[in-house]
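The structure appears below as structure tokens.
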Amino acid sequence: MASRHPAHRGAPSLALLLLAAACGEREPVDPGAPTEGPDPHPPTARWGQVEQLQADLAAPRHASDGQGSVRVTRAPERVVAGGVGRWTFEFKVAETGIAPGGSIHFMPEPFWGWSTPQVQRAGLPGYTNVAVSRPGTSLAADTFGGQDSGLLVLTVGGAALEGGDLVTLDYGAGPAGSRADRYAGRDARLWFSVDGDGDGVRAIVPDSPAVDVAPRAPARVVLLGPSTASPGDLLRFHVSALDEWANRAPEVDGEPWRGSVRLEVLGPLSERTPCPETVELDEHGFAIFEVTAPSPQAPRVLRLRATLTLPDGTSTTSVSNPTLVDPVAPRILWADLHGHTGRSDGTGAVEDYFRYARDTARLDVLALTDHDHFGPRFLDQVPAWQEEMREVTERFHDPGRLVTLHGYEWTSWIHGHRHVLRFDAGGPILSSMDPATDTPAELWDALRGTPAMTVAHHSSGNPIPVNWSYPPDPLLEPVTEVVSVHGSSEARDAPQVVAGSRDGRFVRDQLDRGLRLGFIGSGDSHDGHPGLPHLSPTYGWRPASDRTGEIPGTGGLAAISSPSFDRAGVMGALRGRAAYATSGPRMLVLVGREPESSKVRIRFHGTAPLDRVDLVLGPTPSGTQGSEVRELRAGGATLDADFEVELPETLKRTYFYLRVVQVDRATAWAGPWWRDGDAPASAQAERRSD
């Protein structure tokens with residue numbers, strides 16, 4: 001990333017700061033487990049990142065920084081996700097001008113597939129022709145970053161640019177054109193910024209243009225329903241057509257497409273469950289239909305299969321998540337409490353994020369948690385964006401169908417990342433860059449007395465581990481995100497461990513130290529697909545082959561056992577640790593255990609056959625024996641298992657929990673339970689309170 005010109009003196013380019021974090025520059029060195037007592041200077045802190053952000057905050061902006069306007073003079077009529085196009089931008093210099101040594105930056109939305117603009121090789125994607133209207137002015141062009149996450153810097157030489165001068169960028173001018181975002185959505189931003197006086201300090205042009213990206217043709221179908229029901233309940237199922245990147249796919253070659261889905265009930269309930277034979281997808285590529293839960297003599301599992309005929313005449317199928325029909329089964333609310341849009345380092349529009357969660361992913365609980373101070377623009381400095389997120393969150397809040405929570409990510413490069421959740425109408429952003437709230441203790445103090453919660457995530461590894469020397473506040477941080485698209489932070493022996501994990505930083509290490517944390521999963525998705533990031537090839541999804549079934553990627557969801565379908569019920573359930581985590585697929589794991597009993601009943605109903613159940617035992621109270629993992633039961637390639645086991649060893653350990661692994665690597669974590677009875681609310685609690 002070396003530069004030949006002065007564009008990187010002083011405060012950093014926000015684009016380069018993004019690229020540095022994404023590429024994992026300046027890996028911290030971790031000597032081991034957290035020290036005793038709060039450590040304000042943990043060895044895992046990314047001090048270089050912090051210094052860059054602080055420099056950017058402190059740097060004075062010249063009147064010409066961030067000034068100018070951009071209009072699109074040429075664009076493809078339609079561009080599909082991952083497709084190729086050509087765009088011409090006309091940048092008009094503001095009356096404040098741009099001095100020699102000043103610069104114009106052009107950066108398409110980073111990370112998600114846009115070609116990096118470059119002027120060196122006409123035959124490669126992203127080739128950009130640059131022209132300037134003023135005679136005597138030259139523009140030296142440099143490209144920084146990777147193939148699909150970089151920027152073009154144009155440094156002014158010779159005569160200064162004056163108000164009204166035009167700079168034209170023809171992006172995708174070569175035969176390879178420029179690739180678009182691989183994820184469909186509205187408002188993909190093509191960011192321009194300006195350093196008007198050449199001091200290395202620049203600012204975003206607020207009205208940088210936006211592009212809508214259309215989905216590819218339908219390639220897949222997904223069918224989702226509730227996880228538990230009582231006989232006679234009216235069950236709402238959602239079925240959606242998706243393209244290969246899990247984008248909603250209602251178009252084919254730019255024309256509206258309405259597919260037809262054939263439905264059938266699988267297994268022993270097929271003759272007792274009236275179900276529509278077909279449903280027609282609407283203009284958004286999805287449909288809702290209802291099924292009345294049957295009345296079996298004993299608890300039974302309901303599964304439906306959807307078959308979608310694709311535009312090319314082939315077909316694709318999907319089996320729904322299991323629905324347990326049992327009058328005493330608890331209500332399970334599926335929640336994704338952590339995700340990003342184009343308002344920070346993700347992609348997609350805010351409203352589309354909520355719409356995808358409600359309609360396609362059929363989530364019950366949702367939070368949007370864009371970064372407080374990380375992205376092309378910083379959320380904590382853009383009140384209009386904060387208001388947009390507040391308004392959309394409230395508009396989509398519909399207790400009984402979708403509970404929405406206000407949120408953001410407290411993005412500390414010293415103490416690790418946490419998302420902040422609010423269970424009311426929202427509150428101010430308490431920024432990780434504000435000296436008043438830049439430590440976990442200060443954040444909790446500021447939230448105390450409000451219906452709020454924080455959740456630590458990717459806590460053992462990249463992009464930064466959590467500084468566990470600040471013990472989580474029991475009321476404000478009762479659960480932790482044990483799995484997401486980054487992988488698992490549970491333990492070194494977990495499936496799909498977070499990259500860069502450090503021993504001593506795993507969640508199990510903290511349980512061994514005596515912390516009491518329940519488990520949830522969340523997506524931390526950046527693709528605009530809350531609830532379903534594990535269906536994206538970006539996160540490892542692979543289609544079925546001759547040798548294997550479909551392989552889900554990494555992701556995360558929280559299964560919350562709440563008697564009421566509203567914000568208060570969700571908050572109470574999380575504070576009571578009445579939840580379990582999955583890596584994305586909606587497997588049903590119910591664990592029954594009476595206090596101080598060594599008998600444990602385990603019910604598993606999977607989205608793929610069971611591989612094994614692991615019993616994780618904490619250390620003995622005396623410390624004479626450390627934590628360990630035992631295989632409790634092999635799966636036997638069954639989709640459903642219901643068994644009771646005697647586990648006397650659990651009464652001799654400080655805690656225990658269960659790790660349930662399917663043959664497709666999808667994993668669930670249930671527990672922990674502590675020997676003194678401080679445990680999650682029973683899975684056999686009252687089912688509902690409507």
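The values are calculated or read from the model by the stated rules, or taken from the named source; none is laboratory data. Note that this is a predicted model, so its numbers are computed, not measured. Here the Cβ positions follow ideal geometry from the backbone for every residue, glycine too, while neighbour counts run over all protein chains shown.
Scan (1) more than 24 Å from VAL455 (Cβ to Cβ); (2) surrounded by 22 or more Cβ atoms within 10 Å (Cβ to Cβ); (3) not small (Gly, Ala, Ser) for the single condition ASP364 breaks and write down its number.
Evaluating ASP364 over (1) more than 24 Å from VAL455 (Cβ to Cβ); (2) surrounded by 22 or more Cβ atoms within 10 Å (Cβ to Cβ); (3) not small (Gly, Ala, Ser) leaves (1) as the failure.
Pull up the stretch 237-263, narrow it to residues that are among the basic types (Lys, Arg) and out of contact with any Phe, Trp or Tyr (no Cβ under 8 Å at 6 or more places or on another chain), then point me to the one that is modelled with the highest pLDDT.
Checked the stretch 237-263; the qualifying residue modelled with the highest pLDDT is ARG262.
Evaluate the following for GLY504: is it on the phi > 0 side of the Ramachandran plot and surrounded by fewer than 21 Cβ atoms within 10 Å (Cβ to Cβ)?
Details: on the phi > 0 side of the Ramachandran plot: yes; surrounded by fewer than 21 Cβ atoms within 10 Å (Cβ to Cβ): yes.
Yes, satisfied.
I'd like to know if the stretch 643-653 contains one or more residues that are among the hydrophobic types (A, V, I, L, M, F, W, C), closer than 19 Å to LEU588 by Cβ and touching a residue at least 60 places away in the same chain (Cβ under 8 Å).
No; the residues of the stretch 643-653 include none that is among the hydrophobic types (A, V, I, L, M, F, W, C), closer than 19 Å to LEU588 by Cβ and touching a residue at least 60 places away in the same chain (Cβ under 8 Å).
Just to be sure I understand, how many residues within the stretch 529-554 are at positive phi and buried (at least 24 other Cβ atoms within 10 Å of the Cβ)?
Result for the stretch 529-554: 1.
Go through (1) modelled with pLDDT of 95 or more; (2) of a type in the set (Gly, Ala, Ser); (3) crowded, with 19+ Cβ neighbours inside 10 Å one by one and return the number of the condition ALA131 breaks.
Answer for ALA131: the failing condition is (3).
Look through GLU51, GLU77 and report the one residue that is loosely packed, with under 14 Cβ neighbours inside 10 Å, among the charged types (D, E, K, R) and either assigned by TED's automatic domain parsing to the domain that holds GLY375 or farther than 28 Å from THR538 by Cα (or both).
Selected residue: GLU51, the only one of GLU51, GLU77 that is loosely packed, with under 14 Cβ neighbours inside 10 Å, among the charged types (D, E, K, R) and either assigned by TED's automatic domain parsing to the domain that holds GLY375 or farther than 28 Å from THR538 by Cα (or both).
Against the definition (touching a residue at least 60 places away in the same chain (Cβ under 8 Å), crowded, with 17+ Cβ neighbours inside 10 Å, on the phi > 0 side of the Ramachandran plot and outside any strand (DSSP E or B)), how does GLY113 come out, yes or no? Reasoning before the result, please.
Numbers: touching a residue at least 60 places away in the same chain (Cβ under 8 Å): yes; crowded, with 17+ Cβ neighbours inside 10 Å: yes; on the phi > 0 side of the Ramachandran plot: yes; outside any strand (DSSP E or B): yes.
Answer is yes for this residue.
Only one residue in ALA58, ALA45, ALA63, ALA99 is of a type in the set (Gly, Ala, Ser), over 27 Å from ASN247 (Cα atoms), modelled with pLDDT of 95 or more and loosely packed, with under 15 Cβ neighbours inside 10 Å. Which one?
ALA63 is the lone residue from the list that is of a type in the set (Gly, Ala, Ser), over 27 Å from ASN247 (Cα atoms), modelled with pLDDT of 95 or more and loosely packed, with under 15 Cβ neighbours inside 10 Å.
Please state which of the following conditions THR341 fails to meet, knowing it meets all the rest: (1) touching a His at 6+ places or on another chain (Cβ under 9 Å); (2) surrounded by fewer than 24 Cβ atoms within 10 Å (Cβ to Cβ).
(2)
Residues of the stretch 388-417 being of a type outside the set (Val, Ile, Thr) and buried (at least 21 other Cβ atoms within 10 Å of the Cβ), which ones?
MET389, LEU405, HIS406, GLY407, TYR408, GLU409, TRP410, SER412, TRP413, HIS415, GLY416, HIS417
Working only within the stretch 608-652, note down all residues that are assigned to a strand (DSSP E or B) and surrounded by 15 or more Cβ atoms within 10 Å (Cβ to Cβ).
LEU610, ASP611, ARG612, VAL613, ASP614, LEU615, VAL616, LEU617, LEU632, ARG633, ASP640, ALA641
Against the conditions (1) buried (at least 23 other Cβ atoms within 10 Å of the Cβ); (2) more than 21 Å from PRO206 (Cβ to Cβ), where does TRP87 fall short? Just the number, please.
Among (1) buried (at least 23 other Cβ atoms within 10 Å of the Cβ); (2) more than 21 Å from PRO206 (Cβ to Cβ), the lone unmet condition for TRP87 is (2).
Residue by residue, here is whether (1) more than 17 Å from ALA666 (Cα to Cα); (2) at pLDDT 95 or above holds:
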site: MET453; (1), (2): yes, yes
site: THR480; (1), (2): yes, yes
site: HIS486; (1), (2): no, yes
site: VAL498; (1), (2): no, yes
site: SER501; (1), (2): yes, yes
site: GLY523; (1), (2): no, yes
site: PRO533; (1), (2): no, yes
site: SER545; (1), (2): yes, no
site: ALA558; (1), (2): no, yes
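Exactly one condition in (1) over 17 Å from GLY102 (Cα atoms); (2) out of contact with any Lys or Arg (no Cβ under 6 Å at 6 or more places or on another chain) is not met by ARG202; state its number.
(1)
Within the group GLY584, GLY626, which residue is at pLDDT below 95, small (Gly, Ala, Ser), more than 26 Å from LEU476 (Cβ to Cβ) and touching a helix residue (DSSP H, G or I) at 6+ places or on another chain (Cβ under 8 Å)?
GLY626
I'd like the full set of residues that are within 15 Å of THR480 (Cβ to Cβ) and either within 21 Å of the chain's Cα centre (by Cα) or assigned to a strand (DSSP E or B) (or both), limited to the stretch 560-580.
ILE560, LEU574, ALA579, TYR580
Among what's in the stretch 162-190 and is farther than 15 Å from MET107 by Cβ and of a type in the set (Ser, Thr, Tyr), pick the residue that is nearest to the chain's Cα centre (by Cα).
TYR183
Of everything in the stretch 286-303 that's charged (D, E, K, R) and crowded, with 19+ Cβ neighbours inside 10 Å, which residue is modelled with the highest pLDDT? First the steps, then the outcome.
First pass over the stretch 286-303, keeping only residues charged (D, E, K, R): 290, 300, 303.
Add one more test, that the residue is crowded, with 19+ Cβ neighbours inside 10 Å, and what stays is 300, 303.
Details: ARG300: 93, ARG303: 97.
The selected residue is ARG303.
Would you pick out the residues in the stretch 263-315 that are of a type in the set (Ser, Thr, Tyr) and assigned to a helix (DSSP H, G or I)? Before the answer, list the steps.
Restricting attention to the stretch 263-315, the residues satisfying the condition of being of a type in the set (Ser, Thr, Tyr) are 270, 273, 278, 292, 295, 307, 309, 314-315.
The one that is of a type in the set (Ser, Thr, Tyr) and assigned to a helix (DSSP H, G or I): SER270.
Of these, GLY157, GLY123, GLY145, which one is at positive phi and surrounded by fewer than 24 Cβ atoms within 10 Å (Cβ to Cβ)? Outline the logic, then answer.
Numbers: GLY157 fails: at positive phi; GLY123 fails: at positive phi.
Only one candidate passes the filter, namely GLY145.
A quick yes/no check of all residues on (1) within 18 Å of MET389 (Cβ to Cβ); (2) surrounded by 18 or more Cβ atoms within 10 Å (Cβ to Cβ):
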site	(1), (2)
HIS419	yes, yes
ASP424	yes, no
SER431	yes, yes
GLU442	no, no
HIS457	no, yes
LEU476	no, yes
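Take the residues in the stretch 231-285 that are of a type in the set (D, E, K, R) and buried (at least 22 other Cβ atoms within 10 Å of the Cβ), then tell me which one is farthest from GLY400 (Cα to Cα).
This residue is ASP243.
Pick out, from the stretch 147-256, the strands (runs of 3 or more DSSP E) lying fully within it that include 2 or more residues that are of a type in the set (Ser, Thr, Tyr).
The qualifying strands (runs of 3 or more DSSP E) are 149-158, 166-171.
Looking for something touching a Leu at 6+ places or on another chain (Cβ under 8 Å), at pLDDT 95 or above and not in a helix (DSSP H, G or I) - is there at least one such residue anywhere in the stretch 383-398?
No: the stretch 383-398 contains no residue that is touching a Leu at 6+ places or on another chain (Cβ under 8 Å), at pLDDT 95 or above and not in a helix (DSSP H, G or I).
Working only within the stretch 512-528, note down all residues that are closer than 16 Å to VAL455 by Cβ and either surrounded by 24 or more Cβ atoms within 10 Å (Cβ to Cβ) or among the aromatic types (Phe, Trp, Tyr) (or both).
GLY518, PHE519, ILE520, GLY521, SER522, GLY523, ASP524, SER525
Is there a residue in the stretch 339-346 that is more than 20 Å from HIS457 (Cβ to Cβ), in the same structural domain as GLY416 (by TED's automatic domain parsing) and assigned to a loop (DSSP other than H, G, I, E, B)?
Looking through the stretch 339-346, at least one residue is more than 20 Å from HIS457 (Cβ to Cβ), in the same structural domain as GLY416 (by TED's automatic domain parsing) and assigned to a loop (DSSP other than H, G, I, E, B).
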